[in-house]
Amino acid sequence: MDMKATKKKLGLKEKYAHMTRGLDWETTYQPKEKVFPQATFEGIKVHDWDKWEDPFRLTMDSYWKYQAEKERKLYAVLDAFAQNNGHLGITDARYLSAIKLFLTGISPLEYVAHRGFAAAGRNFPGVGPRVACLMQSIDEVRHAQTQIHALSNYNKFYEGFHAGASHQIERLWYLSVPKSFFDDAFSAGPFEWMIAIGFSFEYVLTNLLFVPFMSGAAYNGDMATVTFGFSAQSDEARHMTLGLECIKFMLEQDPDNLPIVQKWIDKWAWRGIRVLSLVSTMLDYMLPKRVMSWKEAWEIYFEQNGGALFNDLAKYGIKVPECIAQCTIDKEHQSHQLWLTLCTHSHAMGLHTWLPNAEEMDWLSAKYPNTFDKYYRPRFDQLRELADKGERFYANTLPMLCQVCQIPMLFTEPDDPTKICYRESEFQGEKYHTCSDGCKHIFDDEPEKYIQAWLPVHQVYMGNCWPEGTDPTAEGFNPLAKYLEWCHIDLARDGGDYEGSSDQANFAAWRGAATQNT
Amino acid sequence: MAVTALYDYQYPAADTQDKFHGNQLLYVGWDDHFMFAAPLAFVLPPSSKFSELVENTLTFAFGRHPEWAKIDFSKVVWLKSGQPFVPEMDKTLAEQGLRHKDVLRLQTPGLNGNGTYF
């Protein structure tokens with residue numbers, strides 16, 4: 001017998017009410033503060049969680065439907081990419097260094113973001129942010145998966161794609177930069193997490209990561225990544241709105257929240273910008289076909305767009321992060337300083353570097369008229385001279401690292417780009433070194449946290465970074481070789497200069513086979 | 001300021017000297033020479049003489065630079081934590097108060113990669 005529908009379907013508004021706010025309940029046999037122990041210790045005062053405006057009004061059933069549809073489209077394109085030799089469509093195999101950096105440095109963070117938003121959702125007493133955090137948590141794990149799937153086709157043909165998420169994120173010296181950034185955020189309370197990741201990273205800085213990355217992929221013939229980007233775009237829009245809603249909610253709930261929120265904005269803007277300095281090398285050096293310079297991206301996505309955002313937040317008393325003056329100086333220098341560092345350390349990396357050619361250096365001169373010819377071209381010229389003599393220079397000693405951002409101490413003084421910036425703090429009789437006023441300030445505010453940092457250089461020197469069973473006293477012991485083995489890097493294939501690499505040889509041979517008869 | 005935490009938040013520092021098998025960390029940067037992109041980290045016994053540091057350790061690390069051989073060590077300037085420091089070549093690191101994780105800067109006036117800071 002057919003069931004008779006007694007009532008029409010729920011209206012959108014009703015459905016929304018039932019499937020978000022209606023899911024909440026009052027605790028009975030435990031006091032609420034024991035069920036939500038993380039809700040108050042950060043000092044953020046919330047008087048009425050019902051004032052939370054759900055920015056997207058998305059319910060779980062529609063969420064599943066949208067996401068499943070996107071998934072079908074994404075995987076159809078990925079199949080087509082694989083069947084049509086998509087790995088040969090890229091401009092040049094040098095492009096893949098950018099993708100390797102993304103896969104090893106960023107994709108594992110999507111997974112940490114998944115865990116972090118799940119935790120934030122659990123810890124907020126309000127049902128509105130809980131539902132939004134739940135969806136973002138699922139988005140993030142999906143991003144990790146789909147990024148790995150989208151790039152796995154390259155793994156069949158090129159080196160360096162094999163162990164990013166499984167081993168390298170916890171071991172490789174340059175990946176400790178993004179990893180420690182997320183560890184820092186995840187080990188904070190739920191409100192700081194929302195400012196760190198939800199607002200600073202997903203709202204203020206996200207375009208500096210995704211737009212150049214996706215445009216870079218489009219410019220360089222990487223359809224797999226472009227498709228992933230489109231698939232993630234609607235999620236990112238939702239994440240940005242969540243981050244912004246969260247900050248407005250905190251500021252509207254109680255005036256005492258303002259100084260706490262401002263402190264977090266200052267901290268996480270600087271932390272995020274330091275992490276993104278890795279992206280600056282992608283735009284200025286790694287993309288064979290350039291999209292825009294890092295400086296241009298910074299001016300559009302941070303100075304202009306971010307400026308409008310902070311104008312909007314000014315009505316709550318929020319000020320532009322204090323690090324901006326430093327960033328305005330750094331935008332002329334950081335990609336060059338960082339790429340010079342990577343070029344002289346790629347014998348200990350899982351991706352290739354190369355010295356820019358004449359045409360690329362002219363592009364850099366045009367984009368950086370104030371700094372490139374004056375400071376950086378002569379350094380590349382001298383590295384090139386050594387390389388041409390067969391003496392490509394790689395540093396034979398490990399660099400000193402910043403205790404907070406964990407980047408080698410390569411950045412220069414605000415008033416003198418020819419002097420390394422050294423900052424120092426002392427805590428409980430022990431010295432700690434930082435690369436900038438921004439990182440020193442963060443250290444000094446919470447030294448108890450940063451003294452625990454897992455600094456790869458120190459860990460190597462303690463002898464913690466070899467494969468099990470290694471005897472460092474054995475004759476002929478080669479610490480670098482053992483470290484790379486522990487990181488699952490085969491230097492002959494994965495690292496060093498792109499010139500002479502197997503990626504270069506394979507790409508040339510396969511491209512040749514696709515376009516010529518011999 | 002202390003960490004804002006749910007409980008009494010105290011954890012040991014990760015990089016104390018006892019973890020380095022009898023050695024100490026020492027950082028040395030050579031000003032005006034960006035062939036070496038950042039200051040370098042060394043792990044040494046506190047009983048190493050300063051002369052050994054210069055002749056062996058630093059020469060291994062910086063010796064690829066053509067200007068390293070031209071340095072007149074009687075005319076260089078050393079800074080420790082940014083303050084002037086006059087090392088005694090015959091004394092050990094410990095004897096002249098160089099502690100775990102101290103940072104030295106070597107300044108070699110007149111040598112700066114011919115003005116390129118390379």
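Quick note: the coordinates plus some simple rules give every number you see, no bench work behind them. Small disclaimer: the values here were computed from a predicted structure and weren't measured. For neighbour counting, all protein chains shown are included, and Cβ atoms are generated from backbone atoms with ideal geometry for every residue, glycine included.
Straight-distance candidates among the aspartates and glutamates for linking to A:K32, with alpha-carbon spacing under 19 Å and chain neighbours fewer than 8 residues away dropped: A:D24, A:E42, A:D48, A:D50. If we count every other residue with Cβ under 12 angstrom of B:M89's Cβ, Lys/Arg +1 and Asp/Glu -1, where does the sum land? Result for the neighbourhood of B:M89: -3.
Roughly how far apart, in whole Å, are the Cα centres of region A:88-166 and region B:44-100? Here the answer is 45 Å between Cα centres. Here the Karplus curve 6.51 cos²θ - 1.76 cosθ + 1.60, taken at θ = phi - 60°, turns the phi angles of region A:302-317 into couplings of 9, 5, 7, 5, x, x, 5, 4, 6, 4, 5, 7, 4, 5, 8, x Hz, with x standing for Gly and Pro. Between rounded, prolate and oblate, where does region A:327-472 land on the alpha carbon gyration tensor, with a ≥ b ≥ c its root eigenvalues, rounded for a/c under 1.5, else prolate if a/b exceeds b/c? Oblate shape, in that a/c is at least 1.5 and b/c is the bigger or equal ratio. In chain A, the longest principal axis of the Cα atoms and the axis of helix A:223-253 are about 50 degrees apart.
Evaluated with a Cβ-only charge set (Lys, Arg +1; Asp, Glu -1), chain A carries a dipole of roughly 1580 debye about its Cα centre, given to the nearest 20. Rounded to the nearest 500, the helix-only mean residue ellipticity at 222 nm of chain A stands at -16000 deg cm²/dmol, with each DSSP H run of n ≥ 4 adding -39,500 (n - 2.57). Determine the shape class of region B:24-107: with a ≥ b ≥ c the square roots of the Cα gyration tensor eigenvalues, call it rounded for a/c under 1.5, and otherwise prolate if a/b is greater than b/c, oblate otherwise. Because its axes are fairly even, with a/c under 1.5, region B:24-107 counts as rounded. Total Lys pairs in region B:24-107 closer than 19 Å by alpha-carbon, pairs eight or more apart in sequence or interchain only? Pairs that pass both the separation and distance tests number 7.
Separation of region A:10-55 and region A:448-518, taken as the distance between their Cα centroids, equals 48 angstrom.
Pairs exceeding 29 Å between alpha-carbon atoms, taken from A:K248/A:K431; A:K367/A:K482; A:K34/A:K319; A:K267/A:K331; A:K267/A:K315: A:K248/A:K431; A:K367/A:K482; A:K34/A:K319. Ranked by the mean number of other Cβ atoms within 10 Å of their residues, highest first, the peptides A:359-366, A:213-220 come out as A:213-220, A:359-366.
For A:F36, the shell of other residues with beta-carbons less than 11 Å away shows a net charge of +3, using +1 for Lys and Arg and -1 for Asp and Glu.
When peptides B:104-112, A:118-126, A:312-320 are sorted by average Cβ neighbour count within 10 Å, with the highest value leading, the order is A:118-126, B:104-112, A:312-320. Quick check: from the Cα gyration tensor, does region A:421-505 come out rounded (a/c under 1.5), prolate or oblate? In terms of gyration-tensor shape, oblate.
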